[in-house]
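Data first, discussion second: the structure below is written as structure tokens.
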Amino acid sequence: MRRTGWTITALAALAWLANGCSTKGEESHPHDHEPWAVTSWGKRYEIFAEADPLAVGETAKSHTHVTILDGFAALTEGVVSAVLIDSTGASSVFTQPKALRPGIYSIEIKPKTEGVFALVFRIESAAGTEEIPSGRVQVGSHDRPGGLVEAPPPPAVTSAAAATGGDPVGFLKEQQWRIPFMTAWAEPGSLRASVSGPARIRPAAGGEAVLTAPLDGVVVPSRRLHVGLAVARGGTVVELRPRAGSGRSFAEIESQWKLASDRLARLEELFAADAVSRAELDRARALAATLRSELDAVSGTGRTIPVRAPFGGRIAEVMITPGAAVVAGASLVRLVQTDPLWVEIGLRPEIAGSLDTAPVGLVIQGGPEQPPVVFESRSMRLVSRSPEVDRATGLVQAIVEVRGAGELRVGAAVQAEILLSGARIGIVIPRESIVDDAGVTVVYVQSEGESFVRREVRILGRQGDHVMVEGVGPADRIVTRGAAAVRRSAQMSSGEVEGHVH
């Protein structure tokens, strides 16, 4: 079946109506017998029907492609009906309860009377029941069959931009159903006023610390330290076993400790007999205890000294190995606090002044394949704005503090957008709709079920995963997912879109 646009067939049918006074003996025009096609959308389904010419008493087949819009999947099970409604409201229903192939229902339409009818498609499936108005059709005679005379109207008046665009690009339903794909009407919306620039994520002030050894010691292998390990405030991060720093051997310290212990025992007996003073006894006890500690340190036994976290956070760097000897002041681990975080943003000097008003949100974009991270006013605050322009970058630095930033990584380079009060109104579409076509920003507008038109647009603003554009309007149904696949199809083909045999 050769496919033609419903706009052309509609004009052909209107021309036929205008020449209705001609005699039956006149030779019919070739386009009077051409098939027709119509595309229409409901809330749940998209209909793309390709049908034979309509003649009273004759069977015309309508290969009706039905797409479930939620997930953009082919309808595999359900009942699809074509309904012709005359001017009195009487209807003729032609039903197909079984799909010819996934998503395609072959409906046999056999009109009983000539005339102009409203065309409605009724779909009943697990996805819901819906009736979709699909324009008006003319039922003619055997010699002068009819077709579509009035296409279903778009949800809004056609924009001036709709008249522009290149040749239609064919992209079959079977191709659309196999990939992540989606279409939607371009709708008016709003974007917050904002300022943006390159940014870097870093810990808040006081949120980074290097833990050092308080004394000479040996790292106790009591805990497996690794980058990313979460630690609580006041929790033990590293344990050290003190070691003697005098350079004396174990035997020397042990001998001195035994002598000090024996002397302490004698002094305790003499103190009981009031033969020595309390001060002399205390000095002997202190000496014995000190020598005992040194002996434990040298022998590898005795108490350990904990090195605790000054705040809750995560280990960013480990500088020691278990069992290693360290000296007092040696770096052990580096901790960073992951909540809150600071976002340091470089703003152009001419827009930095917009931060005189309190921001109402922040959007962080890590990369083209990553979803944006959005912070509302309750989870962010403006910390400061530099009073000068950085000589190296030519930008003004602003610092924004964010909380609940589990998706952000310290040290990451990102794009940041500070949202301000006030908004801009315009056509807002998903960022995924935009295609960079050799340096030209374009979207693809669906002209009918399997036909798309390349449309150049101008980006007026960005915010998270949405952009405001100029060049499309509410009457345009655009590809919101899978636009790159349509572009590849355009590069592989050219000329008029031809149909495929069902």
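Fewest neighbouring Cβ atoms within 10 Å first, the residues 238, 149 line up as 149, 238. The slack in the chain from residue 376 to residue 275, taken as 0.36 nm per residue of separation less the alpha-carbon distance, amounts to 28.6 nm. Of the two radii for the chain, the radius of gyration is 1.32 times the Kirkwood radius, both from the alpha carbons; that is the Rg over Rh value. Principal axis extents of the C-alpha atoms in the range 36-184 (largest first, rounded to whole Å): 43, 39, 25.
Over the range 402-490, the hull volume per residue, using the convex hull of the C-alpha atoms, is 145 Å³.
Put in line by how crowded their Cβ is, counting other Cβ atoms within 10 Å and starting with the fewest, 444, 45 read 45, 444. Near the amide H of residue 419, within less than 5 Å, lie the amide hydrogens of 360, 361, 362, 363, all on another chain or at least 5 residues away, with H placed in the peptide plane.
Protection proxy ranking, highest mean first, for peptides 60-69, 98-107: 60-69, 98-107, where packing is the per-residue count of other beta-carbon atoms within 10 Å, averaged. Legend: calculated FRET efficiency, residue 85 to residue 175, from the Cβ-Cβ distance at R0 = 25 Å, rounded to 0.05, equals 0.15. Charge dipole (Cα centre; +1 on Lys/Arg Cβ, -1 on Asp/Glu Cβ; no other charges) of the chain amounts to roughly 1880 debye. The gain in end-to-end length when the residue 254 to residue 456 segment is fully stretched comes to 63.9 nm, 0.36 nm per residue minus the alpha carbon separation. In the chain, the longest principal axis of the Cα atoms and the axis of helix 250-272 are about 60 degrees apart.
Cα centroids of the range 417-446 and the range 168-234: 23 Å apart.
Neighbour counts of other Cβ atoms within 10 Å put 211, 460 in the fewest-to-most order 460, 211. Projecting label points 7 angstrom from Cα along Cα→Cβ for residue 227 and residue 413 puts them 1.8 nm apart.
Dipole size of the range 212-352 about its Cα centre, with +1 on Lys/Arg Cβ and -1 on Asp/Glu Cβ: approximately 280 debye, rounded to the nearest 20.
Sorting 131-144, 265-278 by average packing, meaning the other beta carbons within 10 Å per residue, from highest down gives 131-144, 265-278. Spin-label pair residue 93-residue 56: with each label point 7 Å from Cα along the Cα-Cβ axis, the two points sit 2.4 nm from one another.
Considering only 482, 307, 420, the residue lying farthest towards the positive end of the dipole of the chain is 307, judged by Cα position with unit charges set on Cβ.
Report the paramagnetic label zone for residue 317: residues of the range 382-411 whose backbone N is under 17 Å from a point 7 Å from Cα along the Cα-to-Cβ axis. Taking a point 7 Å out along Cα→Cβ of residue 317, the residues of the range 382-411 whose backbone N falls under 17 Å are 410-411.
Using each residue's phi in the range 145-152, evaluate 6.51 cos²θ - 1.76 cosθ + 1.60 at θ = phi - 60° and report the 3J(HN,Hα) Karplus result to the nearest Hz, with x for Gly and Pro. My calculation for the range 145-152 gives x, x, x, 6, 10, 8, 6, x Hz in order.
Compared with the direct C-alpha span, the chain from residue 423 to residue 124 gains 103.5 nm at full extension, assuming 0.36 nm per residue. The phi torsions of the range 444-457, fed into the Karplus equation with coefficients 6.51, -1.76 and 1.60 and a -60° offset, translate into couplings of 10, 9, 7, 8, 7, x, 10, 10, 9, 10, 6, 10, 6, 10 Hz, rounded to whole numbers, with Gly and Pro shown as x.
Could you point to the residue in 92, 461, 132 farthest towards the positive end of the chain's charge dipole, with +1 and -1 charges on the Cβ of Lys/Arg and Asp/Glu respectively? Farthest along the dipole direction, towards plus: 461.
Each value in this text was obtained by applying a stated rule to the coordinates, not by laboratory testing. Source: prediction; values computed, not measured. Heads up, the Cβs are rebuilt from the backbone with ideal geometry, glycines too, and the neighbour counts pull from every protein chain shown.
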